[in-house]
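Computed from the coordinates by the stated procedures, all read-outs in this text should not be read as laboratory data. Just so it is clear, the structure is predicted and the values come from calculations on it, not from any experiment. Cβ sites come from the backbone with ideal geometry, for glycine too, and all protein chains shown count toward neighbours.
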Amino acid sequence: MPKTPHDPLYYHARRAVLHANDTGISHLQRRLRIGYQHAIDLRHALRGDVLEHQADTDTWHIRAEADRHTDFLLEEKLAQAARLIGSAKALVIAAGAGMGIDSGLPDFRGDEGFLRAYPALGRQGLCFQTIASPPAFEQVPLTAWGFYGHRLNLYRATAPHAGFGVLHAWDQRMAQGCFVFTSNVDGHFQKAGFPTARVHECHGSIHRLQCTAHCSGEIWPTADLHPQVDEAACQWQGELPHCPRCGALARPNVLMFDDWHWNATRSQQQRMLLDMWLDSTTAPLVIEIGAGRAVPTVRNFTRRMQQRGSALVRINLREASIHNPDAIEIALGAREALERIQQHLAADI
Ligand SMILES: [Zn+2]
C-alpha cells in the first residue's frame, strides 16, 4: 500500500496515470476535473509510488516497480466502509436484485436474463412484465403459476450466499441493531437468520399468498404449498392454489407490474416497525447492495436516509459512480464486496 495520502483524489489520480500511461498535467486535469495547481500537487504526491521525476530533463516517468495490479482506490473504499461499520451503532441494509444473484438466483433485469431463466415463456412470446402481472393469473393461470411455483421452489432450495452471513455478523455487533429494507421477495434475509420483525419487504414475499378476488384481505403462508411444475413448458401441474375463504384463485403476495390489487397490509406493518425503529436510532449507517436504478424503490429509500443524515456505502457492480462525494461506492458484486470489507474490518480489530 502506498503511504497514506492526504488528498481524497490521490487514488483516482494514481489510477488515471496508470490506466492511460500518461504522466501529463493536462491529462490529470481532464480526468479528475481539477485545476492546474491541484494536478501539480497530485503529481508530486505520486512521486515514489508510481512516478519518478528526472531532474536534469525535468520529465516525469512511470516507475518500472510501480504496483499496477492492486486497485488501491478500491482497497481504500473497502477500508473506509470497514471503518464506518466498525464505528456504527445502528445499521440499515437496503438490498435489491443484485444481492440475490450471488446465491445463483436469476436476474430479471432486461429481457435477456429473464429469457435465459425461462426459455419456455420466451417461446410463448411472454416477457417478464407480462407474466409478472395480475392479468396473467386470469388469462394464463397455469403459466403464471408455473412461473411463480418454479420461483418458490427455487428460492426454497437455494441457500443464501456467504455475504448474508457477513451482514448477520455485523448485525450482531450493532448496539442499536439492524434493519433490512429489501425489494427482494425471496425471503433470504430471514433464511440467513435475520429476525422477521427486522425485515421490511417493500415488494412483498413469494412465501405468502393472497386472494385474487380480494374477499377478505387475508394473507396466508405458502407452508402447505408444494408446487409441481413442468419446467420445460413452465406449466403448473395439478390443482391450482385457492383462497381458503371464497375458493377463488390465489396468487403470490408479491407486488407485480400494474398491480392495483396487491395486498400491502403485511408490507405496511413491516414498514411501521421500520419507522418505529428509525425513530429510536440516530442516523444509522446505510449499506445499499445491488439496487439498480431501473426499480428505484430501494434507491429512493436510501436517498431519504441520506437526507436524514445517514452515511451511505453503496455496493453495485454495474451502477456505482466513482466520483460521488456523498457516498462510498464500491463497484463489486455483493458477496465479494461484503467479504472484502469484512477482511478489512477483521484486520482493524
Ligand atoms: Zn378469497
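List of remarks:
- Here the label points at Asp279 and Asp224, each 7 Å from Cα along the C-beta direction, are separated by 3.8 nm in the simple model.
- The fraction of all Cα pairs in region 1-112 landing in successive 5 Å bins from 0 to the largest distance is 2, 10, 17, 16, 13, 10, 10, 10, 8, 3, 1, 1, given as whole percents.
- Peptide ranges 281-287, 178-184 listed from the most packed, as the mean C-beta count within 10 angstrom indicates: 178-184, 281-287
- Normalising the average separation of contacting C-alpha pairs (under 8 angstrom, six or more residues apart) by the number of residues puts the relative contact order of region 10-69 at 30 percent.
- Segment Arg30-Gln176, length gained on full extension (0.36 nm per residue, minus Cα span): 48.1 nm
- Helix-only arithmetic for the chain: the sum of -39500 (n - 2.57) across DSSP H runs with n ≥ 4, divided by the residue total, places the mean residue ellipticity at 222 nm at -12000 deg cm²/dmol.
- Length gained on full extension, Asn300 to Glu319, computed as 0.36 nm times the residue gap minus the Cα-Cα distance: 5.4 nm.
- In this calculation the C-beta distance from Glu112 to Thr196 is compared with R0 = 45 Å, giving a FRET efficiency of 0.85.
- Here the spin labels are modelled as points 7 Å beyond Cα on the Cα-Cβ line, and at Thr158 and Gln139 they lie 2.7 nm apart.
- Net lengthening on full extension, Arg271/Glu65 (0.36 nm per residue, minus Cα-Cα): 68.8 nm
- Most positive-pole-ward Cα, Leu345, His226, Ile85, against dipole of the chain from beta carbon charges: Ile85
- Region 114-137 versus region 280-349: alpha-carbon centroid distance in Å: 32 Å
- Whole-number percent relative contact order across the chain, with pairs defined as alpha carbons under 8 Å at least 6 apart: 19 percent
- Seen from every direction in turn and averaged, the convex hull around the alpha carbons of region 247-349 projects onto 9.7 nm².
- Pairs of alpha carbons in region 277-337 whose separation is greater than 18 Å (percent): 33 percent
- Relative to the Cα centre, the charge distribution of the chain, modelled as +1 at Lys and Arg Cβ and -1 at Asp and Glu Cβ, gives a dipole magnitude of about 500 debye.
- Along each principal axis, taking the top coordinate minus the bottom one, the Cα set of region 10-69 gives 30, 27, 16 Å in descending order.
- Label-reachable residues, region 241-259, where backbone N falls under 12 Å from a point 7 Å from Arg293's Cα toward its Cβ: none
- Surrounding net charge for Ala94, when Lys and Arg each add one and Asp and Glu each subtract one, Cβ distance under 11 Å: +3
- Dipole orientation for region 209-349: of the candidates Ala294, Leu255, Pro241, Ala294 has the Cα lying most toward the positive pole (charges on Cβ; Lys, Arg +1; Asp, Glu -1).
- Label-point separation in nm, Asp22 to Cys246, each point 7 Å along Cα→Cβ: 6.6 nm
- Across region 77-348 the C-alpha pair distances fall into 5 Å bins from zero in the proportions 1, 6, 12, 17, 18, 15, 12, 9, 6, 3, 1, 0 percent.
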